[in-house]
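Presented below is the structure to which this report refers.
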Amino acid sequence: METIVFLDHGTIPAHISLPRPSFCHQWHQYETTKPAQVIARLQHATIAITNKVVLDSQVLAQLPQLKFIAIAATGTNNVDLDYCRSHNIKVANIQGYATRSVPEHVIAMIFALKRNLAGYQQDIANGEWQRQQQFCFFTHSITDVAGSTLGIFGNGCLGQAVATLARAIGMEVLFAEHAGASQCRDGYHPFEQVLREADIISLHCPLTPATTNMIAEPQFALMKSSAIIINTGRGGLINELELIDALLTKQIAGAGIDVFTTEPALASNPLIAHSHLPNLVLTPHVAWGSDSAIQTLVNQLIDNINSFHLGTDKNQL
């Protein structure tokens, strides 16, 4: 009988129904698991479920009964895949579950920033309307989304889904080629050209050594002063301190950020420290998290476990 341990069940909202595998098993779940608790909690596990808890080679080497790791997310950087391959530990992740939720979040951030919703909300709360003594007031510019040029960095399923929504509301879409590429693939435009021409940048790249800080001061310098940037990809894609500098100096017009270099973000993070800025919209890594997307995730998670038990390889890496 399989022993299944979910290390960070608290990453699944309580109102989402989590089914159980169809085969005979023992199920143990913990809301959160600290690094020092991982080995003890997985000591007798044959199947581990993790969303963000790290399972590196040092940990995995002390878990001789472990046969399968079900990652309750798409990202795999918290699991040592090389160790797993060399020690016959199967690993599966979640794929294609947030192709509606993330793009809708991107579009929502675009509208919020282009129409300066946060700035107007702050002004109303601060009594600006009463001071103006007019039926309306214009303390922030309001610009149209339709007719804007959207530059997308990352042409996977999420980038493509964002492009579909963007075109539907009248935006022109440019997909950016990799930085430093000598030639552009069909359908792509040079990295620097997209930075210069886009009214809006949306990031959907994996975080790798090549993409870490891919948007920093030199890239902000190329962008229009009226441009905004959205990051629902990975926190390290943007240099956070240099982003704040670009906002404060009006080098760019706004930013919508859902992902941070450290999560949860520390109070000392420059984005958190400047969260009062009217042209900065922050959300706590929830772009993926519509109810329907999370339900799809947990259903797929259990399907992956059932598939492993049956000897098939659904979503295995």
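For region 100-282, with all protein chains in place and a probe radius of 1.4 Å, 55% of the accessible heavy-atom surface sits on carbon or sulfur. Of 219, 158, 309, which is farthest towards the positive pole of the chain's charge dipole, taken about the Cα centre with +1 and -1 on the beta-carbons of Lys, Arg and Asp, Glu respectively? After comparing all options, I get 309.
Normalised by the residues of region 213-270, what does the relative contact order come to in percent, with Cα pairs under 8 Å and at least six apart? Once divided by the residue count of region 213-270, the mean separation gives 43 percent. The distance separating the Cα centre of region 171-191 from that of region 90-153 comes to 26 Å.
The listed residues 131, 41, 234, 185 rank as 131, 185, 234, 41 when sorted by accessible area, largest first, using a 1.4 Å probe.
If the chain linking residue 217 and residue 15 were pulled fully straight, counting 0.36 nm for each residue of separation and taking away their Cα-Cα distance, it would gain 68.5 nm. Extension gain residue 272-residue 130, at 0.36 nm per residue separation less the Cα-Cα distance, in nm? Extending this stretch completely gives an extra 48.2 nm.
Please figure out what share of the DSSP beta bridges in the chain is antiparallel and state it in percent, rounded to the nearest 5.
The antiparallel proportion sits near 5 percent.
Per-residue Karplus couplings for region 157-165, computed as 6.51 cos²θ - 1.76 cosθ + 1.60 with θ equal to phi - 60°, are listed in order as 5, 6, x, 5, 5, 5, 4, 4, 5 Hz, Gly and Pro entered as x. Just checking the listed ones, 232, 149, 262: in the Gaussian network model of the chain with Cα springs under 10 Å, the one fluctuating most is 262. The residues of region 100-282 have, on average, 49 Å² of accessible surface per residue, using a 1.4 Å probe with all protein chains present. Would you tally the net charge around residue 219, using a Cβ to Cβ cut-off of less than 13 Å, leaving residue 219 out, and scoring K and R as +1, D and E as -1? Here the charged neighbours net out to -2.
Measure up 52/314; 34/67; 52/224 against 30 Å on the Cα-Cα distance and list the ones that go over.
Where the Cα-Cα span goes over 30 Å, the pairs concerned are 52/224.
Remark: the chain carries a charge dipole of roughly 460 debye about the Cα centre, counting +1 on each Lys and Arg Cβ and -1 on each Asp and Glu Cβ.
Kindly provide the Kirkwood hydrodynamic radius of region 139-196 in Å, to one decimal, from all pairs of distinct alpha carbon atoms. Don't jump to the answer; show the numbers that get you there.
Working: mean 1/r = 0.0813 Å⁻¹.
This gives a value of 12.3 Å.
Sorting 205, 184 on solvent-accessible area from highest to lowest, probe radius 1.4 Å, gives 184, 205. The chymotrypsin sites (Phe, Trp or Tyr not before Pro) found in region 73-166 that occupy coil by DSSP, while having at most 16 further C-beta atoms within 10 Å, are 135, 137, 138. Computed across the chain, the Kirkwood hydrodynamic radius from all distinct Cα-Cα pairs reaches 21.4 Å.
The values are calculated or read from the model by the stated rules, or taken from the named source; none is laboratory data. Since the model is a prediction, treat every value here as computed from it, not as a measurement. Reconstructed Cβ throughout: ideal geometry from the backbone, glycine too, with neighbour counts over all protein chains shown. Areas reflect the complete protein model, heavy atoms only, side chains present, ligands, DNA and RNA absent. Shrake-Rupley method; radii C 1.70, N 1.55, O 1.52, S 1.80 Å.
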